[in-house]
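A short reminder: the numbers here are calculations on the coordinates, not readings from a lab. What you see is a predicted model, and the numbers here were worked out from it, not measured in a lab. Please note: Cβ atoms are built from the backbone with ideal geometry, for glycine as well, and neighbour counts cover all protein chains shown.
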Amino acid sequence: MLRILRQIAKTGIVTEPRPAPADEAVLVARLQERVLRTLGRALTIRQVDAGSCNGCELEIHALGNPYYNIEGMGIKFVASPRHADLLLVTGPVSKHMAIALKRTYDATPEPKLVVAVGDCGCHGGIFGEGYATVGRVSNVIPVDVEVPGCPPTPTALLRGILAAISGKAPD
Ligand code: SF4
């Protein structure tokens, strides 16, 4: 016990300080207002990993933490494309996922939105096109908004979702 207390005293607090909230707070308010104005209910998202390294998924998962609190804005992830308004797709699209991605797109009810995530989803990234991958998401399904980055930050993802439901390019 004493050893643990000594270790705690020696190590101190190692958590990074919370970043200044101004930018995110404005973005969150705009997104929340836009979702309510456009849909009048929650925005539902089906996330599709079409072949990513999972780096992009870690940033997408961060949207659900208490800091970004995406559910608090009226946005929720759903398990079925039949219940989704928007597909959030990471890439590159591997050859064995191309058919699954196309079927997921076809199963999503109109009007549907597609956001391609990460450099791989936008243009193939470091994997490009090859024997195992067909590259960018738009090679398989129509894409409304691209969110580049390797991986994109949660804030960039929020901007991309906002752009998709506003019908504009991300700012
Ligand atoms: S964009 Fe980067 S983090 Fe995302 S899947 Fe590609 S290599 Fe991984």
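Using the alpha carbons of region 75-171, what is the convex hull volume per residue in cubic angstrom, as a whole number?
So the per-residue hull volume is 89 Å³.
Using a Förster distance of 22 angstrom, determine the FRET efficiency expected from the C-beta separation of residue 79 and residue 36, and round it to 0.05.
Values: r = 24 Å, r/R0 = 1.07.
Between residue 79 and residue 36 the formula returns 0.40.
What net charge do the residues around residue 53 carry, taking every other residue with its C-beta under 13 Å from that of residue 53, with Lys and Arg at +1 and Asp and Glu at -1?
Working: positive: none; negative: 49, 57, 59, 119.
After counting each charged neighbour, the total is -4.
Counting helices only, and only those DSSP H runs with n ≥ 4, report the 222 nm mean residue ellipticity of the chain as the sum of -39,500 (n - 2.57) divided by its residues, in deg cm²/dmol to the nearest 500.
Numbers: 6 runs with 68 residues, N = 171.
Estimated from H runs of four or more residues: -12000 deg cm²/dmol.
Given a Förster distance of 41 angstrom, what is the FRET efficiency for residue 67 paired with residue 131, based on the Cβ-Cβ distance and rounded to 0.05? Intermediate results must be reported in sequence, preceding the final value.
On the way: r = 40 Å, r/R0 = 0.98.
FRET efficiency, residue 67 to residue 131: 0.50.
Using mean Cβ contacts within 10 Å as the protection proxy, how do 25-31, 53-59, 3-9 order, highest first? Don't skip to the answer; put the middle values down first.
Numbers: 25-31: 14.7, 53-59: 17.0, 3-9: 8.7.
Highest-to-lowest ranking by the protection proxy: 53-59, 25-31, 3-9.
Quick one: plug the Kirkwood hydrodynamic radius of the chain (C-alpha pairs) into Stokes-Einstein at 25 °C, 0.890 mPa s, and report D in µm²/s.
Estimated diffusion coefficient is 144 µm²/s.
Mind giving me the FRET efficiency for residue 95 and residue 13? R0 is 45 Å, r the Cβ-Cβ distance, nearest 0.05 is fine. Provide the component values of the computation, followed by the final result.
Numbers: r = 47 Å, r/R0 = 1.06.
For residue 95 and residue 13, the calculated efficiency is 0.40.
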